[in-house]
Amino acid sequence: MADTLAPPTADARVAQARRQALALMRPPSQMGIICIDITNKCDLGCSNCTRLLVNQDKFWDMTPENFRTALRSLEGYPGTIAVIGGNPCMHPKFAELCRIFAEEVPDKRQRGLWTNNVFKHADLAAETFGVFNLNPHNSKRGVASLAPLKERGWYYEGHSDHSSLLAAIQDLYEPVEMWERIGRCDINQNWSASIVQLGGDLKAYFCEVAASFDLARGGGHGLPVTPGWWRAPMEAFHAQVDRFCPGCGIPAKVKGHLDHEEIDTYSRTNADLAEKSVARKSRKVQEVDRTTFETNEEKPVTLYSPNLYVKGPRIFVVTPYHTESLEWLKRCHDSVMAQQVAANVTHIMVADGHARPEIDGWNAIHIRLPKEHGDNGNTPRAVGSVVAQTNGADYIAFLDADNWFYPEHLASLLEGQRQTGASVLCAWRDFYDPAGQKLAMTEVDEDNLTHVDTSAIMLHSSVFDLNGLWSKMPRNLSPICDRVFFTGVKHKRYMQCFTRQRTVGFTTLYRRHYEGLGLPVPANAKTVMIDEMTAYLTSVEGVRESVARLGFWPMAI
Ligand code: SF4
Ligand code: SF4
């Protein structure tokens, strides 16, 4: 009887859609802005307020001590730290918080103010903040108060049309489509993480709207605000995603009302919050269900300032793996997830045979090739780069499974691209032995800018044709695939830029490295058979095959 593949069950399809969504979502370290909500008081009461202010039980103001702790927890964060509310200028100790902000974050360009009305604080705000998001929601008083500041940052004067927060996506879409939509949620892709004060304690959330839901239900499901919490990979926030996203309306893009109408749109899941606001605050609400909701598919969740939030490029990192230990695979993956870069980073891990099921639970696109190819990762790189391209990559970087990025790696490559306009971005490596001990060595070719390792290269989309080299490279040349690849870059005359920063940790198993340092050679050390490859490349067959497949003869360049 012929073998047949059973179709995946409904549960398996949902589980797969959830994994894909999590793999596409950004952790706070990849966001350009992190908010600190310092109060839930506001002089307005907009429809579908992103802070769910009318759904919260009590007023609260962050204490100055907590504000200082929140700022200290963000030490090293390179983006904008924005104070927001409610209206942050209604905090009774706003002036004191401004002083603390300047003490703890000396660079004014990192200090942001998100407000609808600064009241008497225009001069203090101008002195304290370097980034402004000003939206008076067409209120005359707000417009007047913001007039002295409006040239300093993002400013939107008209009415805003907020999509619904309380029309839960799980009430409106089937689970697979629900997760697909959550994976491309506007707020996660373009907006911010946040820190709030809940019951007197600080809590951190991967998403500012998730924080609003927790405040509205008094849950306390944020992470503790400890130094560096924002560096945590997305896995640390999976429980928040599971708790908050299915009950959230943002990915459903349900049409809401103009801010001044003060009407919240909700569905069954959030009926408790809607009913509470009606009972306590006489709020107007409108219920929708699968048969009655209307969407604003093409519109971001708010109409105002489409350039408001840093929307970084999409970077895909492709890792081929084979039989490396789970510990090394995790180190590699965690280093991708911990990149401190204002970009949308996705890790693609491609199993060359030997798939590890544990990776299905990681924040990665996991591709299983059914058999190994024995070409030093070229086939998995080819497959991974195709998947990156079809998913809209702006950049593709590569990282072998035994290596890892330092947190600033991708940011330094992007900066190199910004400064030079180059399309092939290259970094240098630090070398380590298999036990993780750093070795006192560098590679001369790398230092002379004539070689770049695969794990230290990133391509701009304008040169993605280079990815064809992974599949076209003759198998005999795969032990020196990085050298052949870089020869392809030079053949095409694509502009390269070296950051000259050592931002990749590289585990070396090359015998010559240990012999050169006078160190014991690891048992599984390898020797690159340069003579054999030279013999192949200078043979008639080698010249013919490499020119036919690659379009150039590697030894001619
Ligand atoms: S201005 Fe409107 S949207 Fe902003 S916090 Fe106040 S009520 Fe909410
Ligand atoms: S809580 Fe809502 S807004 Fe935040 S990421 Fe999840 S779906 Fe998007």
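Values quoted throughout were computed directly from the atomic coordinates according to the rules given, and no laboratory measurement underlies them. If you're wondering where the values come from, they're calculated on a predicted model, not measured in any experiment. Here the Cβ positions follow ideal geometry from the backbone for every residue, glycine too, while neighbour counts run over all protein chains shown.
Observations
- DSSP-defined antiparallel bridges as percent of all bridges, the chain, nearest 5: 30
- Within the chain: Cβ-based charge dipole about Cα centre, in debye rounded to nearest 20 (Lys, Arg +1; Asp, Glu -1): 760
- FRET efficiency for Asp57 and Arg109, using Cβ-Cβ distance with R0 set to 51 Å, rounded to 0.05: 0.85
- Between Glu327 and Ala147, the modelled labels are 6.7 nm apart [label points 7 Å from Cα along Cα→Cβ].
- Between the range 155-203 and the range 27-92, the alpha-carbon centres lie 15 Å apart.
- With 0.36 nm allotted per residue and the present C-alpha distance subtracted, the Ala126-Asp201 stretch has 24.0 nm of extension available.
- Positive dipole terminus of the range 314-530, leading residue within Gln417, Leu519, His333 (C-beta point charges): Gln417
- Cβ-derived FRET efficiency at R0 45 Å, Asp531 paired with Ala102, nearest 0.05: 0.10
- Within the range 314-530, antiparallel bridges make up roughly 25 percent of the DSSP beta bridges whose residues both belong there.
- Here Lys140 is the anchor, and the lysines within straight C-alpha reach of less than 27 Å, apart from those fewer than 8 places off in the same chain, are Lys41, Lys93, Lys120, Lys150, Lys255, Lys281, Lys284, Lys299.
- Inverse mean reciprocal Cα-Cα distance (Kirkwood Rh) of the chain, Å: 25.6
- Tail fraction, Cα-Cα pairs, the range 201-241, threshold 13 Å, whole percent: 48
- Relative contact order, whole percent, for the chain stands at 14, derived from Cα pairs under 8 Å and 6 or more residues apart.
- Distance between modelled label sites at Thr292 and Arg243, nm, 7 Å Cα→Cβ extension: 3.1
- Only helical runs count toward this figure. For the chain, summing -39,500 (n - 2.57) over DSSP H runs of n ≥ 4 and dividing by all residues gives -9000 deg cm²/dmol at 222 nm.
- Kirkwood Rh and Cα Rg combined as Rg/Rh, the range 314-530: 0.93
- Computed label-point distance, nm, for sites Val14 and Thr420 using a 7 Å Cα→Cβ extension: 5.0
- Computed over the alpha-carbon atoms, the range 479-551 gives an Rg to Rh ratio of 1.06, Rh here being the Kirkwood radius from the mean inverse distance.
- Per residue, the average separation of C-alpha pairs within less than 8 Å and at least 6 apart gives the range 436-532 a relative contact order of 27 percent.
- Residues of the range 97-127 falling in the label zone of Arg72, defined by backbone nitrogen less than 18 Å from a point 7 Å along Cα to beta-carbon, are 97-107.
- In this Cβ point-charge picture (+1 for Lys and Arg, -1 for Asp and Glu), the range 20-287 has a dipole of about 380 debye about its Cα centre.
- Whole-angstrom Cα spans of the range 89-248 along principal axes, big to small: 49, 37, 26
- Length added when fully stretched, Arg511-Glu261, from 0.36 nm per residue minus Cα-Cα: 82.8 nm
- Each Lys and Arg contributes +1 and each Asp and Glu -1, all at the Cβ; summed about the Cα centre of the range 314-530, the dipole is approximately 480 debye.
- Per-selection Rg to Rh, the range 192-344 - Cα, Kirkwood hydrodynamic radius: 1.03
- Net charge of Cβ neighbours under 15 Å - reference Ala23; Lys, Arg +1; Asp, Glu -1: +1
- Cβ-derived FRET efficiency at R0 56 Å, Met495 paired with Asp43, nearest 0.05: 0.60
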